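To keep things clear, I will list the structure first and then write my remarks on it.
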Amino acid sequence: MPISFSVTGFVSQQRIIPVERAPSSNMKKLIQTLTIVLIFGLACLSVTAQNFFSEPVAQQGILDLRQTDLSAHSVALNGQWHFYWKQLLEPSDSLPAKNNFANYPALWNDMEWHGNRLTSNGYATYLLTVFLPKNKPTLALQIPDTYSSYKLFVNGVLFAQNGSPDSIASKATPFWTTDIFVISKHPDTLNLVLQVANFWHAKGGTYKSIIIGEKTQLLLNHHRDTAIDLLLAGCLFMGGLFFLGLFIFGKNDQIILYFSLLCIVTSYRMIGTDLYVLHSLFPGLNWYISIRLEYITLVAGVALFSQYTRMLFPKDTLQILMKAVIWLCVIYSLIILTMPAVVFSSLLIIFLGVMFAYIAYCFYIYIQAVRNKRSGSIYALLSSGVMLLVYLLSNLHYFGIIEEHKAILFAGYIAFFFLQSLVLSHRFSHLLQQAGLQAQQGLIAKEEFLSTMSHEIRTPLNSVIGMTHILQRSEPRKDQKEQLDVLMFSANNLLSIVNNILDYSKIEAGKISIEKIDMDIPAIGRHIVSGLKSIANEKRLSLIVEIDDQLKQKVLGDPTRTSQVINNLLHNAIKFTREGYVLLSIKIEKIEGNFITVKFSIKDSGIGIEVAKQGAIFERFTQADSSTSRSYGGTGLGLSISKKILELQGSLLQVKSIPGKGSEFYFSQTFTISHEKVKEPETTPASGPEQAKLLEGISILLVEDNPMNVLVAQTFLERCGAGVDIAVNGEEALTKFVPFKYQLVLMDLNMPLMDGYEATRQIRKKGGTLPIIALTASLPKEVESEVYEAGLTDIIVKPFNPEDFFRTILLHCKPAMIHPYSKTG
């Protein structure tokens, strides 16, 4: 198949254009760049054209090269050759008496013979005599393909052959390739006899020049051109695979898929057309298959490019027209696959006409895309300008106006695909940025949702847990106490689930920071064990704490996160232990200078975990067995959260377990030793604060809009002896606030009319210096910066238990007072 198919097919595949923001101010620069490229190409065209037309031309079957320096210039054997239609003459045959001449190269379809236009189907013989200079180098002939088979005899000897020409179609075979043949002897005259036959293609005869020149130079040029084709094919093929990988492993963007397939299809055309490098590498390649591949890749390139363009700039494209082109390609492909070569090759001229109009329309699309500031449109338009130049040079060569300039074509193809790759790279980058933005927005939305849900769940939970505490302190009957204990357990379990989900979300978002403040490890251990005693007692488990006596100094760490990890592990151990014990052990592993390594271990006599499933329990929402969640409940987040918190502090949570005998979760952590000493353990009397009337004589302003929360807090406070005034929003709080009347304000943060932040600011402006404690269902880390900036003194998180509630109040109302619920460490 000729170069016109190769080039036009390639160009049709290349009209591609991408996606990126194109500022209108760059339009002028773009036009200037395209103009420079076209001027440069036309300059190359004029130089090569001048060189081409200065060559000697054959006259009446004779080409005189005796005055030509063949060591400096190669010469095309063009001009008038003897021509004998419907004859396949051998070198030994006598020539007909009548001389007939025809221009070489020329298609039979374009020739007349005795007043009649020839058909493509037939056979003929060409004869030429070439006179060579006396002082000549070793010569060679570059012989291209013909339509569609040939034999060349030089001085009576078979010199080169493509396929097998014959006067009978069944005995002839077609084949196409281009090669260099060295003239081993040094004759003064070359008598060329060229037999050509075609019974298969819609075109017949010759269409490329035979070149004679110095052997080394011709071989060098041919090998260079072959290397360019192979290199370009390799680049396109690998580029196609790269973009195909982006499609498969990326976001499955179909535009990237079409471009990758276009690269792969075009890579075949680099070695399957023009010089037919693939045919030279595989001389046994079936011509009937290769010609279909040549045409199919041309048509597939147009279809892929059409789909690529219409998806790339859908708003600038007439979709019905692009779809029509695609359907035309589909129909033509079916004809290529099912009909003889003479049929589908004869239809090519119609397809090329449609294709040329389509290319012009695509160029218009890209101009519109630039005007409309589409993403990547500047690169797309620039690449189309480059391919217009390549197309112009290629077709001028095909029509015999200029010589082929392989280097310019190679640079043009590379520039085109490079610019197209830039377009897709910008598009891919844009998609990644959009995906990142969407993911970020999704994280923000998730955080806001979880924060809102946390607040909305904690608010009614405050009432449930608060009222349960009140009822438990109201001397209930035994059956009522059991029911209240179940209610308290369920409410606390729900609160734990909410806290775990929020914590995990924040860990994933990277929004958990680790503090380094003074931390009393023994006090943390004793406090957590004390808080879980009631749950262990209900299951009749022994909850034991063993703390190394050598732990005399506080350490620098995060008491909140350390407490959370130990609490999660202890709670987990209690949950999965039916009988026996749960042991918290805190031991010193080593002390080196100012650093101490402490090992925390939680052992139990519970159900245990199989070795194969021990890794899975640290994954989120995962437990060792699906039946575990049904039997014991839980979200499976506790261990995952603990593991991630420890990893943030450079520690590793590990497990040893024997099914049916128990488990041990342990981790070691290195801390900097503080200068403060740990506090000795204190005992807590059994009597409640409401019995001790610890708030006797204290007047408190409670600002809360939720009636149930008002009831809970007011009941706690009044039973403890405090006087309570109620305000349902910030404005009412400002109206009721009188300096020196109240010793404390409990301020809800989220209220109608005026929230707690603004109400606090206004109170401070009035000169109020009394403690104002925030009541909030939000986590302290979420609001503490705003809380302290607004002038609030401390934070109480809903739902609260009575001990923490009174401890915080007494801390600010009577800081010097020693009371049963003061902080112990």
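The values are calculated or read from the model by the stated rules, or taken from the named source; none is laboratory data. Fair warning: this is a prediction, and the values are worked out from it, not measured in the lab. Using ideal geometry, Cβ is built from the backbone for each residue, glycine included, and neighbour counts are taken over all protein chains shown. Surface areas here come from the heavy atoms of the whole protein model, side chains and all, with no ligands, DNA or RNA. Shrake-Rupley method; radii C 1.70, N 1.55, O 1.52, S 1.80 Å.
Keeping the other protein chains in place, figure out the carbon and sulfur percent of the accessible area of region 697-783, with a 1.4 Å probe.
Carbon with sulfur: 58 percent of the solvent-accessible area.
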Kindly rank 265-271, 796-802 from highest to lowest mean number of other beta carbons found within 10 Å of each residue. 265-271, 796-802
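Using a 1.4 Å probe and counting only protein heavy atoms, arrange MET519, MET339, MET238, MET467 so the residue with the most accessible area comes first.
Listed by decreasing accessible area, they come as MET238, MET339, MET467, MET519.
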Sequence of LYS661, LYS208 when ordered by accessible area, the most exposed leading, probe 1.4 angstrom: LYS661, LYS208
Mind grabbing the accessible area of LYS693 for me, 1.4 Å probe, Å², rounded to tens? 90
Ignoring ligands and nucleic acids, VAL154 exposes an accessible area, probe 1.4 Å, in Å² to the nearest 10, of 10
List ILE365, ILE591, ILE524, ordered by accessible area with a 1.4 Å probe, largest first: ILE591, ILE524, ILE365
With every protein chain left in place, what is the accessible area of LEU770 in Å² (1.4 Å probe, nearest 10)? 20
For region 93-187, listing trypsin sites (Lys or Arg not before Pro) in a DSSP loop whose Cβ sees at most 16 other Cβ atoms within 10 Å gives LYS98, LYS134, LYS185
